[in-house]
Every structure is written in C-alpha cells, then in structure tokens.
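*Asks:* Here you go, one structure.
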Amino acid sequence: MLDLTYTAPTPKVIAGARHDWELVIGMEIHAQVSSNAKLFSGASTAFGAEPNSNVSFVDCAMPGMLPVINEFCVEQAVRTGLGLKARINLVSAFDRKNYFYPDLPQGYQISQLYHPIVGEGEVIVEMGPGIARRVRIERIHLEQDAGKSIHDMDPNLSFVDFNRTGVALMEIVSRPDIRGPEEAAAYVTKLRQILRYLGTCDGNMQNGNLRADVNVSVCRPGAYEKYQATQDFSHLGTRCEIKNMNSMRFIQAAIEYEARRQIAILEDGGEVVQETRLYDPDRNETRSMRSKEEAHDYRYFPDPDLLPLEIEQAWVDDIAARMPELPDAKKARFMADYGLTDYDANVLTAELDAANYFDAVARGRDGKMAANWVINELFGRLKKEGHDISESPVSAAQLGGIIDLIAAGTISGKMAKDLFEIVYTEGGDPAQIAEARGMKQVTDTAAIEAAVDEIIAANPEQVAKSKANPKLAGWFTGQVIKATGGKANPATVNALVAKKLGL
Amino acid sequence: MSAKVTGANSWTIAAARDALRKGEISAVDLTMSCLAAIDAGDALNAFVHKTPEIALEQARAADARLKGGDAPAMCGIPLGIKDLFCTRGVPSQAASNILRGFRPEYESTVTAKLFEAGAVMLGKLNMDEFAMGSSNETSCYGNAVNPWKVDDRLLTPGGSSGGSAAAVAADLCLGATGTDTGGSIRQPAAFTGIVGIKPTYGRVSRWGIVAFASSLDQAGPMTKTVRDAAIMLGAMAGHDPKDSTSADIPVPDFEAALTGDIRGKVIGIPKEYRMDGMPGEIEALWARGIEMMRDAGAEVRDISLPHTKYALPAYYVIAPAEASSNLARYDGVRYGHRAKLAAGDGITEMYEKTRAEGFGPEVQRRIMVGTYVLSAGFYDAYYNRARKVRALIKRDFETVFAQGVDAILTPATPSAAFGLGEMADADPVKMYLNDVFTVTVNLAGLPGISVPVGLDGQGLPLGLQLIGRPWEEADLLNYAHVLESRAGFVAKAGKWW
C-alpha cells in the first residue's frame, strides 16, 4: 500500500470579543450495519416496510424471548475495524443499557460498554492537497437501534413502529481530535466513504442510517496542545453533546453555533454546563435537551443472556485477506499509476462505483485522458440528467473504445464528443459507429496540404498578419479543419501551416 | 380401549410408561384420571389454568403413537406446567397481574420438547409471582397449598414452584415442570416430599420461559421418584440454538445411569452448611443421609466451601439486579396490563401506574433493590462485589471437585414447610433464608437435586440435597437414587382436600 504524507491543518480560530478561541470536537457516529437481518433476531432490516411488519418476538420483547447474535453483523464490525486500521478485540461482551421509552421494548438497549469489539484506530481526513487531520478512533461497538415513536398521527395517542428495533448499529467513537466545523464534516464524509467502500454501512444519512452525535468544547489557543501532550482532559473546556444529526450542513452549522454560544458564556464570565443539546435547523440554534444532573442513570451491566463474544484470529485474518482497496490506497494508486492530479484523484475515488468505472476505463490507456473523459464528459452528462454512475448508459468498455479511437488518431476530439453523444443516447460499439458514420479524421498529408495551399493563397492579408505574429497562425488551422469537414487531424494541419508560412 | 384403571394419577412416570407401552392403560384414561384428581383438588389451588381439551387431544395423539410402537418414554404422560413457561395459546402469566390475559403465540422450548416426546399438558401451575418467593404466597392467584398439613394448620408448598410441588405431591399429575433460580425447584420439592432437580446451567433451554434472573434460571423436572426425574429431564434437556447460554453437549440416557452402585465414590460434607441454630431434626436427617451413603460403599469426606456465608447476600444482589432489567419490558405498551390513565397523564404516568398496579409487593421490592445495586455510585460496591463473590463460590466447588469429590450432600432446607401466612409480617430477609442451602448451586451453575429422606416430629417431609459436578447429572441422579432407595421414603400426604 502506498503511503501519502500529510501536514496537519491549522485549527479553526474564532475571534471572541476579548480574545481568540479554538474548537475541540469529538464525534460518535452511529452507522447502521449493512445486513439483511437484525443484530439479535432473524427479522428483516428492509427500509420502508409497512410499520411493524419486520418485527420478531425477540424485537418486541415478548416474555421469555432471548437474543442470539447475528454472526454477519460481527463480521461487518470486524471489517470496519480493519478498515480503520483498528485493533480487533478477540473477546468482547454485551451490556445492557437500561432506560424506559416506548420505542425500546426490552427496556434496555444491548450495547458494548465495557468490552467493545474494536479498539483504537484512525481516520485520515484530507483538508487540501497534502494537508490532512489524523483523527484517532477510540472504539467501535455493536449495539441495537431503537424503534420509532410517532407523535403526530393522533391528538391523544402516540404510536410506535418497531421495524428498526434491534437493527445493528456500529457506534464509532473518535477522540477529540477534530478542530473545526469543516473538519467535522470532512471527517464524517471520509468515514462514510470508507464504510461504503467496505460495504459495512450504506451511509444513507437521509434515512438515518448514518447519524452523528457531536461533542463540542472551546479552549484558548495552546490549551489543546497541552491536552495532546498529556491526554489530560482538564486542559480542555467543558463539552456539550449535540445529538443525532444526519446532515453535513447541519453538523457544521450546529458546531459553529454551539462554539459561539460557549464563547459568549465564557467571555461573559460564565461557565459552560455539560449537557446534551439538540440542533434546530429551522432556527439554526442548539437547545438544551437535558443537563448532566438530569442525565439518565443507565445502570449498565453485562447482559446475562449473551455469553462473551469470542472470535478467532484466523477468522479475522480471513476477513482481512478479503478486504477491498480502501480510498487512501486507491487514491495513491490512481496518482502513481495513472498520473492523476490530487484533485482528480479525489473526485474519482469519492464513490466506489465511480472509482471502479474509472479504473476500468483507464486500465491500459492514458490515465489523464481517461480522467478527463470520465470527469468532464461522463460525470457532466450524468449530472445533467440527475443520474448516478451506476445508471450510466455508457459502459466503461464503451468509453474506453472511444478513447482508443482518439489515441489511435482515428477520430479527433471533436468527433469523439459527437461519438460519445451517440453512444450515450443510442448505445452501440464506438468503433463500428465511427466506421458506419464516416467519422474518420484525414491524416493524409497530400490532401491536407492541398487545402492549406488553397487557403493561404486566398488570404494574403491573414498570411502577413501571421508572419508578424505567429500566434495568429491558428486561424489557418481552424479554416483547414473546417474545409475538410472536421476530419483533418489538427496536429498534422498545425505542422503544415507552420511549414508553409515559414514560421 | 383398555379396562378402566383407578388411581392411575398416583402412578410414577416409569410405571405409567410401562403400562402404556403394554397397553394396560390408555393415555386418555390416564389423563382422565389426572383431570378428575385436578378437579377434586381445587382446594390446593395448584392449577391456575386447566387445559382439559388440550390434554385429551394430546392424549389421543399419544395413544395413536403408542399403538404404532416405538413411542418415547414421555409419550402419554400427563404433566402440569409451571405458569412461567410460555405455552402457545394458553394463558402464561408468571402468576402476575401485569401479564393478565397474556396468551403467547409461541411455545417454550422445554414444553415443545415435552410435547414432541408425546407428553400431555393438564394445565398451568401456580407459583410465586415471576418466581420471586419461597412460599407461593406472592402469586396473583393466591397461594397454592401444601397437601401435607399438621392438624388444621395449612402449610406452604414452598416456592417459587409451589403449584408444581403441590400438584405432584397430591397426585394431580405424574410430573411437573419447575424452574429454579435460587432453590425454587429443590425447596418446594423438599417441603412436599417429592424429587426436584435443577440441572447444570445451560443444560435446559431458557427460551420461552419468562425470565427472572437470566444467569441463574434453569428449568427442571419435579417428580415422585428419582427415576421419573431422570426420564423427564432427558426429554427436557438439550442444546437450543435460540438460547445463547444453552450448551451444545450431548444428553446422556439418565435413566440408564441409575445403577445403584456408588462404591468408591467420594461424597463431600461441607462444614459451612452446619449453620448456627439449625434444627436438630435437620441435623439428624443429614447424619442419616451420610450413613446411607457410607453404607452404600461411598467414601464420606469432610470438605470446606469457605465462601458459603457470602452466597445469600451475593444472590440477593445479582438476582434482583438482573430481574430489575428483565422485568423492564412489562411496561403496558405492547401486551399485558395497562393502567387506566387520567386526563393529562403522559408516558411516565402510564409506566408508573401500570407497574404499580401490575406488580405485587415482593416483585416491586426486588425491582427496587436491583435498580439500586446497579445505579451509578453503587455498582462496584454491590453488583461488582457480588460477581466477585460468585466467582469465589464457583472456585470453592471447583477446588473440592478437583480434589476428587464426586458429589456433595447437604440439607435441602433449614426447616420443614412452614404455615401459610406465618411469614407475612416477618422481615423479608427471614424468607430469603429459605434459600441458604440452595443458592450456592445456582451461583456456581451446578446441578443440584432434592430427595425426600424422612419426616420430622410433626410428620412433615424433609429433604436432603445432593450437588454434582457440572454436566454430570447422570451420576448425580444415581447418587440420589441410592439415597432414595436407602431412605425408603414412601409416605404420602393424607388426602384432606
């Protein structure tokens, strides 16, 4: 694997009324595990089903029902841990987090407080070419999702939908290594990208399959470095946790608001109270949900229905051997093997489907040309119609065929664009279409020479101007290509014009 | 159809099995005889839901199977089922008002296995609410009554499996299912002069049994003889993929292990079980039991289980802690009782009123104790310390087993059955002392069996407990079989009901 080296970005600084402040942010990401069945029951996880149709006796906590771990969800958590270069704990255990709520049928959530399945790892979050934040992962644990309470269907009654109850979540907990709203959004974006590459979470934030709790505190410049040197949290400010956000935009806005709120309190001589807050996007503000004193006492204890989860190193090794190429490695390879710029490599690796598409187009061809075609022509065209790469009417093989015709000098760039449009709308083999429709550029020097001579002879004024300023010779090239119906090879024409004009 | 046989309800499972196979009685007649005894036994309040239609349908199916030959041992055997077991379509309330009207759409693994083996369900049996109690007096159905009595004094059948014990002792059924979290099979068995075994934790599936304390709960048979316990346990036991704590270990032929030969086996006598203030009759019974084992050729050896005195406090931390969480699901949202709400009441009031109305005082007490010991700031002092004690108790047993002890003989209870209502005003801890000899076995996950050995001065049955090595129920049953044979306990409660 290729290693990219980075320098750390400068933290965001907010100028208060009295002095400057820095932000310190840690995140807990709840990522729904991609799995057909729930974490402890065989019920389906399909989204959008009729309310209460994907519910087993275990999910709705009927008397005497017992949880049985879904091995695939464990595999997904291990795969995620490996993807974040994290320590895999061969022995982990499940605990009960006890609280009452109608969408929590058991009266407790099965989670992993004391012994999570995944330990320390890291995520490299790029903030620009050669600039990246290394965010340490503290742990990943498996837990059950809750159901959904519906309060707006009836004036007097609340309803509950247990379809989501018991669906497996991975809670990915970072250290407080994130230093600004943009970094926070970039961290979620990167994590989402990695999870999607791994196939362990679909990253669909709109459906709530990826949600973030954000811990925000502010401190004076210099304090964070003391924390980093000692890992002593007393150097940092009191944090507030903003719960359950499912949009990159809201995450940034909420952090921005929350930081300014805390700064205003501190500069006023007040103290930030540790509490849980909710972000209201309509008003762009965070509001207190519950204070530390009101915080639930969850009475965690080991779940006696489940034995400690023991996995074997050989099983982990087998998962590791089947790991896909991850974004950082893919980007490095694209840059090294295909000569891509940092920017293009980022664009082409953002989504796995697009990266795979590009990889297939570029393999054995000019990487830069392939990148231009994929990014400018294909992505542009798809975006115009609101399509995804997976819906592209032009396959990688077809686009490769077009690029091959350009590389062979068979067609010009202009013809290629026309050919692309035909393949996009009508389909077909590019080489056959070009052949059938006479899309073939003229490289026969004699034929082009005649056209050049003719145009030079007809435009003496232009000849004089070009001799005075050779940059104007391009006019002749354009005229020649036009005269040949666009079929003349521009490189050949250029050379001939220069020669005839004696430039 | 065979000739009518009277009194078949008093048969043992083994005798009934042989008679059924020989065609000397039909499963239907056997069942009818039990149903009649049940109807005549209402004063015992042992059965809280009678299921005669199901029983007769199962009996007819059993007869068909018996005719075909090759029927399993439990085929056609009428049983009572503790109300803690979920039985499909049949009220299963754990003797609690909070599950009033609850009829599960599923069958517990244990009852499903028994029914697959051809057993017949006569109905559901009384018990302490959520299996919390030692006298069956916390039941929402009122207490069951011990068929044994002294003069006009009505006695407890023990608990929590009090209905099971009363029903078997009074010959209302041939056997019954029980569950044992801290002694709930063994104590009532001792109080009613029957046999009850709590298997090794993990031997019998907990799936479909209403949970009390998940790390301690284990189901087992309550029967008239050790042989019957061996036969019935064989049908109840086995790995269940639906219970993660169920062990994937083969189930041996327990009955075949009843050789009666225990020569050279080492029986440990733990000195810590000789409690201060232990009634002389219990001590004498224990001494007789020791003699019986020695006479049978076993080596009797004094042993020490040094952490025994911490077992009861540890148990009364761990069991309520797990219960407080296990019983959180009874919230009035999805099934069972829901309180009528006043205008303006919200979800908190719904929880509070529902649970205040639905749970009885003892269950509420344990939920509160359990919530307290798990709460922030107290967790280490109580729950974690209790877990450490539990580990030490387990190690005590492992140590003596490693030193060659094959089984341990102790009293089953500190007294004979006590009078109903006598403990009503007592400190709850006094009631908890009933479990003093039995809780160690649950904490260590070991198999334990209670065997009736004699009568006290008032003519009430007393039992001894044998504790075995994990997964060695077969050997344990053989030791119990020897004790049973030597004790020659044949007394029955005089029928007064």
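*Asks:* Based on this model, can you work out whether B:THR179 counts as within 22 Å of B:CYS86 (Cβ to Cβ), among the β-branched types (Val, Ile, Thr) and surrounded by fewer than 22 Cβ atoms within 10 Å (Cβ to Cβ)?
*Replies:* Answer is no for this residue.
*Asks:* I've got another one for you. Taking strands (runs of 3 or more DSSP E) that fall entirely within segment A:139-229, which contain at least 3 residues that are crowded, with 23+ Cβ neighbours inside 10 Å?
*Replies:* Those strands (runs of 3 or more DSSP E) span A:168-174, A:210-219.
*Asks:* Can you find a residue in segment B:221-243 that is assigned to a loop (DSSP other than H, G, I, E, B) and over 27 Å from B:VAL120 (Cα atoms)?
*Replies:* Checked segment B:221-243: no residue is assigned to a loop (DSSP other than H, G, I, E, B) and over 27 Å from B:VAL120 (Cα atoms).
*Asks:* Tally the residues that are crowded, with 17+ Cβ neighbours inside 10 Å and either part of a loop (DSSP other than H, G, I, E, B) or within 14 Å of another protein chain (Cβ to nearest Cβ) (or both), restricting the search to segment A:304-320.
*Replies:* The qualifying residues number 5.
*Asks:* Okay, next question. Those residues that are closer than 14 Å to A:LYS12 by Cβ and not polar (S, T, N, Q), I need them from segment A:254-284; list them, please.
*Replies:* Scanning segment A:254-284 gives A:ILE255, A:GLU256, A:TYR257, A:GLU258, A:ALA259, A:ARG260, A:ILE263.
*Asks:* Of the residues that sit in segment A:327-358 and are touching a helix residue (DSSP H, G or I) at 6+ places or on another chain (Cβ under 8 Å) and acidic (Asp, Glu), which one is nearest to A:CYS201 (Cα to Cα)?
*Replies:* My answer is A:GLU351.
*Asks:* On to the next question. For segment A:117-141: of the residues being closer than 30 Å to A:TYR343 by Cβ and of a type in the set (Asp, Glu), which is nearest to the other protein chains (Cβ to nearest Cβ)?
*Replies:* A:GLU122
*Asks:* For segment A:288-302, state whether one or more residues are of a type outside the set (A, V, I, L, M) and over 30 Å from B:ALA323 (Cβ atoms).
*Replies:* Looking for residues that are of a type outside the set (A, V, I, L, M) and over 30 Å from B:ALA323 (Cβ atoms), one finds at least one in segment A:288-302, hence yes.
*Asks:* Does segment A:2-20 contain at least one residue that is touching a Pro at 6+ places or on another chain (Cβ under 9 Å), of a type in the set (Gly, Ala, Ser), more than 14 Å from every other protein chain (Cβ to nearest Cβ) and not in a loop (DSSP other than H, G, I, E, B)?
*Replies:* no
*Asks:* Of B:ALA402, B:ALA407, B:ALA381, which residue is away from chain A (no Cβ under 13 Å), more than 26 Å from B:ALA328 (Cβ to Cβ), loosely packed, with under 15 Cβ neighbours inside 10 Å and not charged (D, E, K, R)?
*Replies:* B:ALA402
*Asks:* Do we find that B:ALA112 is under 24 Å from B:ARG227 (Cα atoms), part of a helix (DSSP H, G or I), within 14 Å of chain A (Cβ to nearest Cβ) and out of contact with any strand residue (DSSP E or B) (no Cβ under 6 Å at 6 or more places or on another chain) in this structure?
*Replies:* yes
*Asks:* Quick check, is B:MET292 in contact with a Gly (Cβ under 7 Å, 6 or more places away or on another chain) and part of a helix (DSSP H, G or I)?
*Replies:* no
*Asks:* May I ask you to list the residues in segment A:425-446 that are surrounded by fewer than 13 Cβ atoms within 10 Å (Cβ to Cβ) and assigned to a helix (DSSP H, G or I)?
*Replies:* Those that are surrounded by fewer than 13 Cβ atoms within 10 Å (Cβ to Cβ) and assigned to a helix (DSSP H, G or I): A:THR425, A:GLU426, A:GLN432, A:ALA436, A:ALA446.
*Asks:* Within segment B:100-131, track down each residue that is surrounded by 24 or more Cβ atoms within 10 Å (Cβ to Cβ) and hydroxyl-bearing (Ser, Thr, Tyr).
*Replies:* If the condition is that a residue be surrounded by 24 or more Cβ atoms within 10 Å (Cβ to Cβ) and hydroxyl-bearing (Ser, Thr, Tyr), then B:SER108, B:THR109, B:THR111 are the ones that fit.
*Asks:* Hey, can you tell me all the residues within segment B:461-488 that are among the hydrophobic types (A, V, I, L, M, F, W, C) and either within 19 Å of the chain's Cα centre (by Cα) or over 26 Å from B:ARG203 (Cβ atoms) (or both)?
*Replies:* Correct list: B:LEU462, B:LEU464, B:LEU466, B:ILE467, B:TRP471, B:ALA474, B:LEU476, B:LEU477, B:ALA480.
*Asks:* Right, next: (1) without any contact (Cβ under 8 Å) to a residue 40 or more places away in the chain; (2) more than 10 Å from chain A (Cβ to nearest Cβ); (3) closer than 30 Å to B:ALA424 by Cβ: which one isn't true of B:GLY358, the others all being true?
*Replies:* Among (1) without any contact (Cβ under 8 Å) to a residue 40 or more places away in the chain; (2) more than 10 Å from chain A (Cβ to nearest Cβ); (3) closer than 30 Å to B:ALA424 by Cβ, the lone unmet condition for B:GLY358 is (1).
*Asks:* Within the bounds of segment B:338-361, is there any residue that is in contact with a strand residue (DSSP E or B) (Cβ under 9 Å, 6 or more places away or on another chain) and either within 22 Å of B:ARG385 (Cβ to Cβ) or surrounded by 21 or more Cβ atoms within 10 Å (Cβ to Cβ) (or both)?
*Replies:* So far as segment B:338-361 goes, no, none of its residues is in contact with a strand residue (DSSP E or B) (Cβ under 9 Å, 6 or more places away or on another chain) and either within 22 Å of B:ARG385 (Cβ to Cβ) or surrounded by 21 or more Cβ atoms within 10 Å (Cβ to Cβ) (or both).
*Asks:* When you go through (1) within 14 Å of another protein chain (Cβ to nearest Cβ); (2) surrounded by fewer than 20 Cβ atoms within 10 Å (Cβ to Cβ); (3) under 30 Å from B:PRO306 (Cβ atoms) one by one for B:GLN218, which number turns out not to apply?
*Replies:* Result: B:GLN218 passes all but (2).
*Asks:* Looking only at residues that are assigned to a helix (DSSP H, G or I) and in contact (Cβ under 8 Å) with a residue 40 or more places away in the chain in segment A:482-503, which one is nearest to A:ALA416 (Cα to Cα)?
*Replies:* A:PRO490
*Asks:* Would you pick out the residues in segment A:48-81 that are within 11 Å of chain B (Cβ to nearest Cβ) and polar (S, T, N, Q)?
*Replies:* Within segment A:48-81, A:ASN52, A:SER56 meet the criteria.
*Asks:* Out of all the residues in segment A:325-354, which are farther than 16 Å from A:ALA396 by Cα, without any contact (Cβ under 8 Å) to a residue 60 or more places away in the chain and under 13 Å from the mean Cα position of the chain (by Cα)?
*Replies:* A:VAL347
*Asks:* Now a separate question. Of all the residues that make up segment B:314-345, how many are within 11 Å of chain A (Cβ to nearest Cβ) and of a type in the set (Ser, Thr, Tyr)?
*Replies:* 4
*Asks:* Of B:SER134, B:SER96, which residue is surrounded by 24 or more Cβ atoms within 10 Å (Cβ to Cβ), within 14 Å of chain A (Cβ to nearest Cβ) and of a type outside the set (Lys, Arg)?
*Replies:* After applying the criteria, what remains is B:SER96.
*Asks:* Name every residue in segment A:263-289 that is touching a Ser or Thr at 6+ places or on another chain (Cβ under 9 Å) and either within 14 Å of chain B (Cβ to nearest Cβ) or part of a loop (DSSP other than H, G, I, E, B) (or both), in order of residue number.
*Replies:* A:GLU271, A:VAL272, A:VAL273, A:GLN274, A:PRO281
*Asks:* Moving on. Regarding A:TYR114, is this residue over 15 Å from A:ARG164 (Cβ atoms), surrounded by fewer than 18 Cβ atoms within 10 Å (Cβ to Cβ) and within 14 Å of chain B (Cβ to nearest Cβ)?
*Replies:* Judged against the criteria, A:TYR114 is a match.
*Asks:* Give the number of residues within segment A:355-407 that are more than 19 Å from the chain's Cα centre (by Cα) and at positive phi.
*Replies:* Of the residues in that region, 1 qualify.
Each row is one residue, and each column tells you yes or no for (1) within 14 Å of chain A (Cβ to nearest Cβ); (2) surrounded by 24 or more Cβ atoms within 10 Å (Cβ to Cβ).
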| residue | (1), (2) |
| --- | --- |
| B:GLY196 | no, yes |
| B:PRO199 | no, yes |
| B:SER205 | yes, yes |
| B:ILE209 | yes, yes |
| B:ALA213 | yes, yes |
| B:THR223 | no, yes |
| B:ALA230 | no, yes |
| B:PRO241 | yes, no |
| B:THR245 | yes, no |
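*Asks:* Which residue out of A:GLU285, A:GLU256 is touching a helix residue (DSSP H, G or I) at 6+ places or on another chain (Cβ under 7 Å), more than 26 Å from A:VAL33 (Cα to Cα) and touching a residue at least 40 places away in the same chain (Cβ under 8 Å)?
*Replies:* Exactly one of A:GLU285, A:GLU256 is touching a helix residue (DSSP H, G or I) at 6+ places or on another chain (Cβ under 7 Å), more than 26 Å from A:VAL33 (Cα to Cα) and touching a residue at least 40 places away in the same chain (Cβ under 8 Å), namely A:GLU256.
Laboratory data are not the source of any read-out in this text; all were calculated from the coordinates shown. Just so it is clear, the structure is predicted and the values come from calculations on it, not from any experiment. Using ideal geometry, Cβ is built from the backbone for each residue, glycine included, and neighbour counts are taken over all protein chains shown.
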